[in-house]
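*Asks:* Dumping the structure here so I can ask a few things about it.
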Amino acid sequence: MVRVPLTNEERERGERLGTALRDARAAASRSMVEVAAEAGISVETLRKIETGRIPTPAFFTVTAIADAVGLPLDTLRAVAENGAVEVAEAS
């Protein structure tokens, strides 16, 4: 099975998702090691998601990270879709 390349819009959405998660982690004063351990993923996976190198992470991975940093999924969705809400204001 061949994976269809991501569009620019999908890549940008992944970057917004990563930025939102990184900002929420910083606002919660949590380290990458702490968040990755709580979410059950590797630090490298978290780093790749936060930097947009994994623009379409699995849903349960995203929810685990969001839970670890106290970010509601509705807020995360709004930020990832259009960047309209600042994460620090939402928490």
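*Asks:* Using a 1.4 angstrom probe on heavy atoms only, work out the carbon and sulfur share of the accessible area of the chain in %.
*Replies:* Working: 2870 of 5540 Å².
Answer for the chain: carbon and sulfur cover 52 percent of the accessible area.
*Asks:* Counting alpha carbon pairs within less than 8 Å and at least 6 residues apart, what relative contact order, in whole percent, applies to the chain?
*Replies:* On the way: 114 pairs, mean separation 34.7, N = 91.
RCO, the chain: 38 percent.
*Asks:* At 222 nm, what value in deg cm²/dmol follows for the chain if DSSP H runs of at least 4 each add -39500 (n - 2.57) and the sum is divided by all its residues, to the nearest 500? Each step should come with its number before you reach the end.
*Replies:* Working: 6 runs with 61 residues, N = 91.
Helices in the chain give a 222 nm mean residue ellipticity of -20000 deg cm²/dmol.
*Asks:* For the chain, with only Lys/Arg (+1) and Asp/Glu (-1) charged at the beta-carbon, what is the dipole magnitude about the Cα centre, in debye rounded to 20? Display every interim value, and only then the final one.
*Replies:* On the way: 11 positive and 14 negative charges, 66 e Å.
So the dipole magnitude of the chain works out to roughly 320 debye.
*Asks:* Here is a follow-up. Name the residue, out of A26, A39, A80, whose mean-square fluctuation peaks in a Gaussian network model built on the chain with Cα pairs under 10 Å.
*Replies:* Ranking A26, A39, A80 by mean-square fluctuation puts A26 first.
*Asks:* Still on this structure, I have one more. Do you know the relative contact order of the stretch 1-54, to the nearest whole percent, from alpha carbon pairs under 8 angstrom that are 6+ apart? Mind dumping the intermediate values first?
*Replies:* Details: 34 pairs, mean separation 25.2, N = 54.
The value is 47 percent.
*Asks:* Given labels modelled 7 Å from the Cα in the Cβ direction, how far is it in nm from K48 to M1?
*Replies:* 1.8
*Asks:* Among I41, G70, V2, whose Cα lies farthest out toward the positive end of the dipole of the stretch 1-74, if unit charges sit on the beta carbon of Lys, Arg (+1) and Asp, Glu (-1)?
*Replies:* Looking along the dipole axis, the top candidate is V2.
*Asks:* What order, most packed first, do the peptides 66-76, 3-13 have when packing is the mean number of other Cβ atoms within 10 Å of each residue?
*Replies:* Details: 66-76: 17.5, 3-13: 10.6.
Packing order, densest peptide first, comes out as 66-76, 3-13.
*Asks:* Excluding ligands, DNA and RNA, what is the solvent-accessible area per residue of the chain at a probe of 1.4 Å, expressed in Å²? List each step's numbers first, then the result.
*Replies:* On the way: 5540 Å² over 91 residues.
The answer is 61 Å² per residue.
The values are calculated or read from the model by the stated rules, or taken from the named source; none is laboratory data. None of these values were measured; they are calculated from a predicted model. Glycine gets a Cβ as well: all are built from the backbone with ideal geometry, and neighbour counts include every protein chain shown. SASA here: full protein model, heavy atoms, side chains in, ligands and nucleic acids out. Shrake-Rupley method; radii C 1.70, N 1.55, O 1.52, S 1.80 Å.
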